1. Using the alpha-carbon centroid of each, what span in Å lies between segment B:112-172 and segment B:35-88?
2. Based on the inverse mean of 1/r over its pairs of different Cα atoms, what is the Kirkwood hydrodynamic radius of segment B:222-267, in Å?
3. If you restrict to DSSP beta bridges whose two residues both lie in chain A, what percentage is antiparallel, to the nearest 5?
4. Please go through the residue pairs B:K196/B:K224; A:K175/A:K224; B:K65/B:K132; A:K155/A:K196; A:K132/B:K179; B:K175/B:K224 and name each one whose alpha carbons sit more than 28 Å apart in this structure.
5. Give me A:H147, A:H241 sorted ascending by neighbouring Cβ count inside 10 Å, so fewest comes first.
6. Would you calculate, for chain A, the mean residue ellipticity at 222 nm contributed by helices, counting each DSSP H stretch of 4 or more residues as -39,500 (n - 2.57) and dividing by all residues, to the nearest 500?
7. From the gyration tensor of the Cα coordinates in segment B:137-288, what semi-axes in whole Å does the equivalent ellipsoid have, largest first, with each one equal to sqrt(5λ)?
8. Say a label goes 7 Å from Cα toward Cβ at A:Q37 in every copy; what distances in nm does this one have to the rest, shortest first?
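Every number in this text was worked out from the coordinates using simple rules, so none of it is lab data. Predicted, not measured: the structure shown is a model, and the values here were computed from it. For neighbour counting, all protein chains shown are included, and Cβ atoms are generated from backbone atoms with ideal geometry for every residue, glycine included.
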There are 2 protein chains.
Amino acid sequence: MNAQTLNYPEVSNYADAPTQYIEVEGVSYAYRSLGKQSVIPVVCLQHFTGTLDNWDPIIINGLAKERPVITIDNSGIGNSGGTTPDNVQDMARDAIRIITALDINKCDLLGFSIGGFIAQTLAVARPDLFRKIILVGTAPQGAVAMHSFPQLVEKAFSFDGTEGFLYIFATKSEKSRAKITAALGRLMERKNDRDKETGMAAIQAQIKALTRWGTDPVTLNLDKVRQPVLIVQGSNDEMMHSRTTSQQLFEQIPNAVLICYPDSGHGVFFQYPEMFVEQANFFLNHFE
Amino acid sequence: MNAQTLNYPEVSNYADAPTQYIEVEGVSYAYRSLGKQSVIPVVCLQHFTGTLDNWDPIIINGLAKERPVITIDNSGIGNSGGTTPDNVQDMARDAIRIITALDINKCDLLGFSIGGFIAQTLAVARPDLFRKIILVGTAPQGAVAMHSFPQLVEKAFSFDGTEGFLYIFATKSEKSRAKITAALGRLMERKNDRDKETGMAAIQAQIKALTRWGTDPVTLNLDKVRQPVLIVQGSNDEMMHSRTTSQQLFEQIPNAVLICYPDSGHGVFFQYPEMFVEQANFFLNHFE
């Protein structure tokens with residue numbers, strides 16, 4: 001396939017949005033798109049191991065009611081070809097290639113977790129291309145939490161069934177676990193045309209990239225972020241050490257709104273999807 | 001006058017809401033009320049020196065579109081009789097007397113600044129009476145910032161015209177100063193039936209109460225707050241040391257959402273009134 005004009009299927013539920021493909025320099029990238037036309041689209045950058053199937057439909061549908069939404073599998077993830085880079089900078093480069101190939105010349109970004117690392121990088125690199133940025137469950141470069149990321153992953157992978165997911169995404173409270181379990185159910189609503197699960201080579205590269213985000217010298221100056229930014233963090237996101245990193249992001253980014261939700265882990269917006277949609281839509285529609 | 005059933009004049013603009021009076025134990029208290037009926041009302045507790053005329057009409061009108069809103073002058077403030085107490089506990093006692101006299105048996109609270117101290121106190125004291133709490137530009141008991149409160153006030157009072165207001169409510173940025181200046185203009189929209197300005201005896205008592213909130217032994221256990229709480233803080237609220245106190249409130253109150261706005265001082269919600277209305281209405285309507 002060659003570069004193409006972005007197509008928005010007429011669906012109102014993310015579970016019904018067909019997987020589409022675009023070719024960039026010989027690599028086929030998977031994406032989905034839907035939503036109300038006419039305003040600036042938001043491009044969604046996914047978390048560690050996550051694919052197109054890991055976006056909560058309540059969130060995507062809620063955003064899509066007011067704007068075009070595009071979810072992408074970055075290099076080597078899900079149904080996308082290519083090789084997953086072992087560093088965030090190259091992931092950001094690949095994201096720009098996909099976005100440019102989709103003929104987007106201005107968009108907003110929603111970056112979750114490692115997708116938030118990429119979104120921070122993109123914001124500084126291309127203020128011409130990215131208008132507003134939403135960062136969820138993420139941390140600034142140099143965040144100490146990332147030093148122990150491989151151990152955290154090893155522990156999460158040691159659990160059976162959904163317990164590994166709950167270990168990262170929920171707190172230990174019954175309420176948080178119930179809400180994240182419900183979100184997991186929503187991720188399974190889509191029955192057909194699902195993404196391939198992310199393979200071990202890509203996961204290993206992502207682990208390296210996540211760890212390096214914490215251990216490499218800090219090169220990203222967040223005080224150079226010119227865009228309005230919405231930061232959404234869980235009260236107890238152990239993966240991102242949210243209590244300190246949320247404040248760091250808020251203090252370093254010049255024009256940021258910080259929202260912290262209670263009793264929540266890394267899956268902060270899976271736990272409060274309706275509130276997130278309300279706040280994200282207001283931010284994207286009105287905040288300057 | 002005797003205790004009466006609360007009356008909501010049919011006005012859509014706070015500037016047109018008549019000042020009403022209710023008598024409690026021989027003291028006449030001033031209040032205003034407006035808004036959509038049928039759901040739980042929100043009672044608004046004002047900041048240091050502020051009267052009924054110091055509520056931003058964008059905020060009151062925005063809340064009133066979805067619920068009954070009641071603003072009150074506490075003892076010795078504005079057009080209310082009585083003597084302003086020199087401690088938050090007695091201010092809370094008087095607030096309960098007014099609310100009870102208005103025949104309210106369940107309401108939400110919006111507490112701004114010293115009104116937030118009162119709201120925290122009321123939340124713990126009367127979980128039966130207060131359903132949800134919004135705290136704006138406030139601090140937990142024992143907050144170090146309050147130790148230097150008399151000096152801060154002296155400095156603010158030393159400026160001419162609106163500069164004292166800007167010193168407390170805005171940051172030093174042009175944008176913040178312009179937005180707070182605009183808010184000041186909105187406070188002057190009401191031409192008739194304005195409140196008396198708060199007198200020096202009441203101000204001196206409030207200064208003592210504010211200072212004691214920081215210096216007296218901490219007796220209020222915020223981990224006993226059973227209500228959902230929305231905390232809204234400015235990035236640079238020097239009066240409340242918002243960077244540390246906002247985290248303290250968020251960490252100590254079990255079920256709190258924290259929202260921090262950028263480049264803002266003590267007048268945080270005057271600076272972003274539309275965003276505040278959106279977030280406050282969502283919280284009051286939906287958050288549990």
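1. Taking the Cα centre of each part, segment B:112-172 and segment B:35-88 sit 15 Å apart.
2. This gives a value of 10.7 Å.
3. 30
4. B:K196/B:K224; A:K175/A:K224; B:K175/B:K224
5. In increasing order of surrounding Cβ atoms, one gets A:H147, A:H241.
6. Helix-only estimate at 222 nm: -11500 deg cm²/dmol.
7. Those come to 25, 22, 16 Å.
8. Here the equivalent label points are 4.6 nm apart from this one.
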